[in-house]
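The values are calculated or read from the model by the stated rules, or taken from the named source; none is laboratory data. Just so it is clear, the model here is predicted, and its values are computed rather than measured. Please note: Cβ atoms are built from the backbone with ideal geometry, for glycine as well, and neighbour counts cover all protein chains shown.
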Amino acid sequence: MTKNIERTLSIIKPDAIKANYSGKIIDLIESKGFFILAQKRITLSAIEAEVFYNIHRDKSFFSDLVSFMTSAPISVQVLEKENAVNSYRLLMGATDSNLAEEGTIRKLYGSNIQNNAVHGSDSPENAEVEIKFFFSGLELLSKT
Ligand code: ATP
Ligand code: MG
């Protein structure tokens, strides 16, 4: 049977960037067998963060989330692996770092329900949308 190689969109969030954890997080991601197809460090504007998190527009935490996501640079990756979307959600752990399982990125490098170190797409469909939000076709050409 052919392997279901998928892509997912990962973000190392401002809390982890400011704490200088990005190298450790990338190391963990690669050690679990994800291939980094593309990667860049950017700083989101408020409008860009609002569009990216549009699904949460009506939530009570939306304005805090936008402030947080624009408070420092982020590092964005396209990850490839078999079942990358679900596999990366498992490696991230629960949304609230206080409830995240031992060994997960959010347990190791996050602080709370907002400052939780990383984002990962929650479905293959959303992964496609999120990847296109951050990367051009040229940046996604596989060189391997
Ligand atoms: P992400 O989408 O970033 O991968 P997630 O899917 O686990 O995380 P969502 O419910 O999509 O969680 O929420 C998006 C982000 O909003 C969370 O990762 C977190 O940074 C923030 N957030 C979620 N719930 C809360 C909350 N109750 N209070 C404050 N911030 C929150
Ligand atoms: Mg989410």
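List of remarks:
- Test: residue in the range 55-64 that is within 16 Å of ligand 2 (Cβ to nearest atom), surrounded by fewer than 20 Cβ atoms within 10 Å (Cβ to Cβ) and among the β-branched types (V, I, T): yes
- Residues in the range 23-40 that are surrounded by fewer than 20 Cβ atoms within 10 Å (Cβ to Cβ) and within 18 Å of Y109 (Cα to Cα): G23, K24, I26, D27, L28, E30, S31, K32.
- Extreme residue, surrounded by the most Cβ atoms within 10 Å (Cβ to Cβ), among residues of the range 122-144 that are of a type in the set (A, V, I, L, M) and over 13 Å from the mean Cα position of the chain (by Cα): L140
- In summary, A84 fulfils each of the numbered conditions (1) under 20 Å from E50 (Cα atoms); (2) crowded, with 20+ Cβ neighbours inside 10 Å with the single exception of condition (1).
- Single unsatisfied condition, S45 versus (1) over 25 Å from L140 (Cα atoms); (2) at pLDDT 95 or above: (1)
- The residue pairs whose first member lies in the range 121-134 and is farther than 10 Å from E6 by Cβ, whose second member is within 14 Å of ligand 1 (Cβ to nearest atom), and whose beta carbons are closer than 6 Å, counting only pairs six or more residues apart or on different chains, are E130/L9; E130/S121; I131/L9; F134/V76.
- Residue match in the range 86-94 (condition: part of a loop (DSSP other than H, G, I, E, B) and either without any contact (Cβ under 8 Å) to a residue 40 or more places away in the chain or within 16 Å of ligand 2 (Cβ to nearest atom) (or both)): yes
- When T104 is tested against (1) of a type in the set (S, T, Y); (2) without any contact (Cβ under 8 Å) to a residue 40 or more places away in the chain; (3) near ligand 1 (Cβ under 9 Å from one of its atoms), exactly one condition is not met: (3).
- Among residues of the range 99-121 being of a type in the set (A, V, I, L, M) and in a loop (DSSP other than H, G, I, E, B), the one that is surrounded by the fewest Cβ atoms within 10 Å (Cβ to Cβ) is L99.
- Taken together, the criteria exclude E139 from residues that are in a loop (DSSP other than H, G, I, E, B) and of a type outside the set (S, T, Y).
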